[in-house]
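Engineer: One structure, pasted below without further comment.
The values are calculated or read from the model by the stated rules, or taken from the named source; none is laboratory data. All of these numbers come straight from a predicted model, not from anything done at the bench. Here the Cβ positions follow ideal geometry from the backbone for every residue, glycine too, while neighbour counts run over all protein chains shown.
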Amino acid sequence: MLNQEMIEKLNTQINLEFFSSNLYLQMSAWATGQGLDGCAAFFKAHANEEMQHMQRIFDYVLESGKTPVLGRIEAPTTDFSDIRTVFAQTLEHEKAVTQAINELVELAFNQKDFASFQFLQWFVSEQHEEEALFQGIIDKIDLIGDDRKNLFFIDREVAKIAASH
Ligand code: OFO
């Protein structure tokens, strides 16, 4: 049985997953404008993944006999400078999401809400994977070097990651 505090925190997490999706969709639009089609495809696919995260929590609240409540979603920034910075922003964002998930896990544990504790384990490993994914892309960009003449190669590498993910 979900208690009120857990419902509210899960609703907040639903909102955060929507925000993540919108942030990555906005990054996808920016990448398209830069001619980085591989990066654009990567961000678009990732925006879809975030919608699945949102849906997963939405369904969990519903299955628990409660009503998910959708709040106002903050607009993502449109002010992006260069591809390395954009990926560094994604990593920072994912770390904040990991923190939010960890707080939910802690709350579930403290409340002896073991159903939620179990449900959240999927997100714990997903966050671990996502941080590794974004860190891996940043490492690759650093290896290639992000001056203009290398953008083509960076884009091609990110396209490969998008296709294999
Ligand atoms: Fe990117 O994992 Fe959800 O927010």
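Engineer: When residues of the range 37-52 are filtered for being surrounded by fewer than 21 Cβ atoms within 10 Å (Cβ to Cβ) and within 11 Å of the ligand (Cβ to nearest atom), how many remain?
Structural biologist: The total comes to 4.
Engineer: Which is surrounded by fewer than 18 Cβ atoms within 10 Å (Cβ to Cβ), within 16 Å of the ligand (Cβ to nearest atom), at pLDDT 95 or above and closer than 19 Å to I161 by Cβ, of Q55, Q34, Q99, Q89?
Structural biologist: Answer to the check: Q89.
Engineer: Would you pick out the residues in the range 3-31 that are under 18 Å from R84 (Cβ atoms) and at pLDDT below 95?
Structural biologist: Answer for the range 3-31, where residues must be under 18 Å from R84 (Cβ atoms) and at pLDDT below 95: there is none.
Engineer: Let me ask something else about it. Return the residues of the range 102-142 that are under 17 Å from T12 (Cβ atoms) and within 16 Å of the ligand (Cβ to nearest atom); say none if nothing qualifies.
Structural biologist: N102, E103, L104, V105, F119, L120, F123, Q127
Residues checked against (1) free of Cβ contacts under 8 Å to residues at least 60 places away in the same chain; (2) part of a helix (DSSP H, G or I):
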{"residue": "L10", "(1), (2)": "no, yes"}
{"residue": "N15", "(1), (2)": "yes, yes"}
{"residue": "A31", "(1), (2)": "yes, yes"}
{"residue": "A41", "(1), (2)": "no, yes"}
{"residue": "E92", "(1), (2)": "yes, yes"}
{"residue": "A96", "(1), (2)": "yes, yes"}
{"residue": "K112", "(1), (2)": "yes, no"}
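Engineer: Moving on. Of the residues D82, D142, D146, D155, which is modelled with pLDDT under 95, of a type in the set (D, E) and farther than 30 Å from I7 by Cα?
Structural biologist: D146
Engineer: What are the residue pairs meeting all of these: first residue in the range 53-79, first residue over 14 Å from K9 (Cα atoms), second residue outside any helix (DSSP H, G or I), Cβ atoms under 6 Å, and 6 or more apart or on different chains?
Structural biologist: Partner pairs satisfying both residue conditions: S64/L2.
Engineer: The conditions are (1) within 16 Å of the ligand (Cβ to nearest atom); (2) at positive phi, and N11 fails exactly one of them. Which is it?
Structural biologist: So N11 meets the others, but not (2).
Engineer: Still on this structure: Kindly indicate the residue of the range 51-106 that is among the polar types (S, T, N, Q) and under 30 Å from D147 (Cα atoms) and also nearest to the chain's Cα centre (by Cα) among those meeting that condition.
Structural biologist: T90
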